[in-house]
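Worksheet: one structure, shown below.
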Amino acid sequence: MQLKHLKYLKHLAAALLAISAASAFAQTYTIEPNHTYPSFEADHMGISLWRGKFTKTSGTVTLDRASKSGSVDIKIDADSLDFGHAKMNDHAKGKDMFNVAQYPTITYKGKSIKFNGDTPVAVEGDMTMLGVTKPVTLNINKFKCIPHPMLKREVCGADATAQFNRTDFGLSYGTPMFSPEVKLAIQVEALKAD
């Protein structure tokens, strides 16, 4: 009986060690909202590009550098949209465009992170906007992690870009006079979770 108990404890210890070793490589980072601003540019009748950004973003990024994998879970407060033009902000938040009363959140769920060597270079995932979910790939143009000098824990930052057709999400206002192509530029910083 005692031998069976010892064998059980040995197997349990081995299983716990395997779990802790596997999870030791996966690190979770919390989006730093004061340094993360998804921005975009969209056509204005072919004569100029309007640029806007969202000022409230939250979420997490999980990176496993050993297995070169990870995930992204981002929430954007649609009502935080800012063009730097109050009248345009009000119109864009209305039913014609982002309809923030009915769809207050835009989400991005990154299912896989692609690496080039040790550096993440792209995220493949799904964006949900206006209740519609479509695949969107983020290209990571710059990525860097450092020990944060004040917070004394690792911080990672990235610059990412993407392009999509807004009409795929049901945001058809102004087409065809306004081109449906939208370019994203996202600055993001995230702190390693405790």
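What follows is calculated from the coordinates using simple rules that are stated; it is not laboratory data. Here the structure is a predicted model, which means the values were calculated and not measured. Because the Cβ atoms are built from the backbone with ideal geometry, glycine has one as well, and the counts that use them run over all protein chains shown.
Hey, what number do you get for the chain at 222 nm if only DSSP H runs of n ≥ 4 count, each worth -39500 (n - 2.57), divided across all residues, to the nearest 500?
Taking each H run of at least 4 residues, the total per residue is -5500 deg cm²/dmol.
Under 17 Å Cα to Cα from residue 87, which aspartates and glutamates show up? Leave out anything in the same chain fewer than 8 places away.
79, 96
Counting other C-beta atoms within 10 Å, and keeping those with at most 11, which DSSP coil trypsin sites (Lys or Arg not before Pro) do you find in the stretch 33-112?
Passing both the DSSP loop test and the Cβ count: 95.
Note the full-extension length gain between residue 77 and residue 48 as 0.36 nm times their separation in residues minus their Cα-Cα distance, in nm to one decimal. Each step should come with its number before you reach the end.
On the way: separation 29, 0.36 × 29 = 10.44 nm, distance 2.60 nm.
Contour length minus the Cα-Cα distance gives 7.8 nm.
Over the stretch 25-192, calculate the relative contact order: mean separation of alpha carbon pairs under 8 Å at least 6 apart, over the residue count, as a percent.
Once divided by the residue count of the stretch 25-192, the mean separation gives 25 percent.
Against the globular-protein guess of 2.2 N^0.38 Å, express the Cα radius of gyration of the stretch 25-192 as a ratio, rounded to two decimals. Walk me through the numbers on the way to the answer.
Numbers: Rg = 16.5 Å, N = 168, 2.2 N^0.38 = 15.4 Å.
Ratio of Cα Rg to 2.2 N^0.38 Å: 1.07.
For labels at residue 35 and residue 150 in the simple 7 Å Cα→Cβ model, what's the distance in nm?
1.0
Given the pairs 68/134; 68/93; 93/134, which span a C-alpha to C-alpha distance of over 31 angstrom in this model?
Where the Cα-Cα span goes over 31 Å, the pairs concerned are 68/93.
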